[in-house]
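Student: Before we start, here is the structure in question, set down as structure tokens.
The values are calculated or read from the model by the stated rules, or taken from the named source; none is laboratory data. The structure displayed is predicted, hence computed values, not measured ones. Don't worry about glycine lacking a Cβ; one is built from the backbone with ideal geometry, like all the others, and counts go over all protein chains shown. Just so you know, the surface numbers come from the protein's heavy atoms only, side chains and all, with ligands and any DNA or RNA stripped out. Shrake-Rupley method; radii C 1.70, N 1.55, O 1.52, S 1.80 Å.
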Amino acid sequence: MDGLMMNRPLLQSGVLDFAAESFPAAEIVSRRVEGDLHRQSWAQTRERAVQLSFALQDMGVGMGDRVATLAWNGHRHLEIYHAVPGIGAICHTINPRLSPEQMAFITHHAGDGLLFTDLTFVPLLEKLKDQLPPMRFVILTDRAHMPENTLDALCYEELLQGRATDRDWPEFPETTASGLCYTSGTTGDPKGTLYTHRSNMLHSLATAAVLGADLGVQPRILPVVPLFHVNAWGLPFTCPLIGASMVMPGPHLDGASLWDLCQTEGVQSAWGVPTIWQGLHSEMLARGGKPEALRHIVVGGSAMPRSLIEGFEKLGIDVNHAWGMTETSPLGSQGSLTADKRALPLDQRMALKQTQGRRVFGVDMKIIGDDGQRQSHDGVAMGELFVRGNTVASGYYNNADASAKAVDKEGWFGTGDIASISPDSTLTLRDRAKDLIKSGGEWISSIDVENLAVSHPDVAQCAVIAMPHPKWDERPLLVVKCAGTARPTLEDICTTMDQHLAKWQFPDDVVYVDEMPMTATGKISKLRLREQFKDHVLPDLR
Ligand code: ADP
């Protein structure tokens, strides 16, 4: 028997309307490309999103059309995030750090017909435009800052001018596609994850449920995570849901710029990848303290080393280590500690914070061992992590091959991550399947080795990659970027591992680099490191 409750579609426009009405004091603060600091309320954001939605419709944008963005975090990007899905079109966020070839591939694959760009990327687009599908361009600025360009581009502010600022948003099924985000291609060609209104709304409700208490009442949040990466961790929808203010950093993501912005804007919670936090942490040490209001950091995208988590904790900042993927909207697990765990001694607390935390409601998890069998959730057994839920991709946009491989026979999505899960659902990521090192039939987790090596004071960044070995199959090679001029020896670095790893898990050799190659999403690119050191000969083979 069906129940007798209303069944209203979960549409993203609902959350913007809600914030505009309910949280007049919250604001969107944007450090803009033009150089100024701009402020507007959620109500003004809604008015401008409404204006944009009318402009889009006048330009012929309708249900299912793909509208691309190439932009930093700022209020105009946020307006597009809401206006485009508001009329049933799809907001396709492009990562500007992708190579020109990948950008051309993605715009063709997505079939973008319109692209909104920040001033920064106009020269790039001018060079690239012949390789892009036929499309119109809009530059996110006002008339005074419009550059000369060969794109025949429209001016964003002019597009909005004089239009009505209120409307009833159209209604359509909640399963309508709302956003398109390609994986950065760390593991092959970029693949498009196509979010729905329903998945984004359920994702923001789940995020608010697990993180709301830590964030506090109407928090001031700094999304360092770009709006163009992993669905911006859902913040464009979670923030209006909880009445948060958003402090948008624009293009300046170095430690000093972030420190200043956090300080002047009273940021309480900041979200980003570990490399960003490394920069901010160094800045805190250099300045002898943290920005006053900052008390909470969410970190994900790659593993946060314990030394960095502890460094922040010592400065009074609670680190919440989260796991997720583009394909999981992205939040799958997060490490907010329950009251009993907060009371634990530092050592035990840090060990817990190094894990990727408990699963989020609505995301089921299983691990499958090498034998194809489900492993027990005992915190020890390892295997590939599979996930299932309303916020998990069921396939990839316009890619039958990848879609067929994405999901197993029981309907679970294979993450390609190797993990263990403890009885209380705490997820510990051991590695990406392709980064694990297979030595003599046993596995070595590159994450474990890296976490220990980076706690050495002379190591700024490091990565462990597998080198082929005739006897052991593979052996670990440690790549180090030094913190200063001192070059720590392998023996020196391995003292950090003595208590924690078996001797056979120690790296066989160390090499030094001036700069770590990074992926478009701010992760160390092991693909490029493997290429760079493919001819390296390990000491016992020389
Ligand atoms: P890509 O890096 O391929 O573009 P995503 O940005 O979607 O793809 O990243 C998802 C991947 O990032 C996960 O599958 C996992 O390997 C890694 N990852 C995410 N969060 C964490 C974390 N907290 N610790 C370790 N690895 C993580």
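Student: Quick check on E157: is it surrounded by fewer than 20 Cβ atoms within 10 Å (Cβ to Cβ) and touching a helix residue (DSSP H, G or I) at 6+ places or on another chain (Cβ under 8 Å)?
Tutor: Yes; evaluated as a whole, the condition is true for this residue.
Student: Follow-up question, since we're still on this one. Search the range 508-528 for residues that are assigned by TED's automatic domain parsing to the domain that holds W472 and without any contact (Cβ under 8 Å) to a residue 12 or more places away in the chain and pair each with any residue that is open to solvent by less than 20 Å² (accessible area, probe 1.4 Å) and more than 10 Å from the ligand (Cβ to nearest atom) when their beta-carbon atoms are under 7 Å apart and the residues are at least 6 apart or on different chains.
Tutor: Every condition considered, the pairs that remain are R528/P517.
Student: Something else about it: In this structure, does K481 turn out to be under 30 Å from M103 (Cβ atoms) and out of contact with any Phe, Trp or Tyr (no Cβ under 7 Å at 6 or more places or on another chain)?
Tutor: The answer is yes for K481.
Student: Could you figure out which of (1) open to solvent by 50 Å² or more (accessible area, probe 1.4 Å); (2) over 24 Å from the mean Cα position of the chain (by Cα) isn't true of R66?
Tutor: If we test R66 against (1) open to solvent by 50 Å² or more (accessible area, probe 1.4 Å); (2) over 24 Å from the mean Cα position of the chain (by Cα), just (2) comes out false.
Student: With the requirement that a residue be within 9 Å of the ligand (Cβ to nearest atom) and free of Cβ contacts under 8 Å to residues at least 40 places away in the same chain, what does the range 304-321 give you?
Tutor: H321
Student: Among (1) in a loop (DSSP other than H, G, I, E, B); (2) over 30 Å from D401 (Cα atoms); (3) under 26 Å from the mean Cα position of the chain (by Cα), which single condition is V138 missing?
Tutor: Here V138 clears every test but (1).
Student: Here's another thing I want to ask about it. Would you mind listing the strands (runs of 3 or more DSSP E) fully within the range 330-395 where at least 1 residues are under 23 Å from I444 (Cβ atoms) and of a type in the set (G, A, S)?
Tutor: 383-388
Student: Restricting to the range 370-379, count the residues that are surrounded by fewer than 19 Cβ atoms within 10 Å (Cβ to Cβ) and either under 12 Å from L427 (Cβ atoms) or modelled with pLDDT of 95 or more (or both).
Tutor: Selection size over the range 370-379: 6.
Student: Does the range 488-506 contain at least one residue that is of a type in the set (A, V, I, L, M), under 28 Å from Q356 (Cα atoms) and within 16 Å of the ligand (Cβ to nearest atom)?
Tutor: no
Student: Taking interchain pairs and intrachain pairs at least six residues apart, which have beta carbon atoms under 8 angstrom, with the first residue in the range 449-461 and in the same structural domain as Y512 (by TED's automatic domain parsing) and the second open to solvent by 30 Å² or more (accessible area, probe 1.4 Å) and among the acidic types (D, E)?
Tutor: H456/D492; D458/D492
Student: So, one more: If we only count helices (runs of 4 or more DSSP H) wholly inside the range 28-122, which ones have 1 or more residues that are closer than 15 Å to Q12 by Cβ and in the same structural domain as T183 (by TED's automatic domain parsing)?
Tutor: 42-58, 75-86
Student: Take the residues in the range 469-485 that are in contact (Cβ under 8 Å) with a residue 40 or more places away in the chain and either more than 29 Å from the chain's Cα centre (by Cα) or in a loop (DSSP other than H, G, I, E, B) (or both); name whichever of them is surrounded by the fewest Cβ atoms within 10 Å (Cβ to Cβ).
Tutor: That would be P470.
Student: When the range 380-409 is examined, which residues are found to be open to solvent by 70 Å² or more (accessible area, probe 1.4 Å), under 19 Å from P330 (Cβ atoms) and touching a residue at least 40 places away in the same chain (Cβ under 8 Å)?
Tutor: N390
Student: Specify the residue that is nearest to the ligand (Cβ to nearest atom); the eligible residues are those in the range 277-293 that are closer than 22 Å to G216 by Cβ and under 20 Å from the mean Cα position of the chain (by Cα).
Tutor: W277
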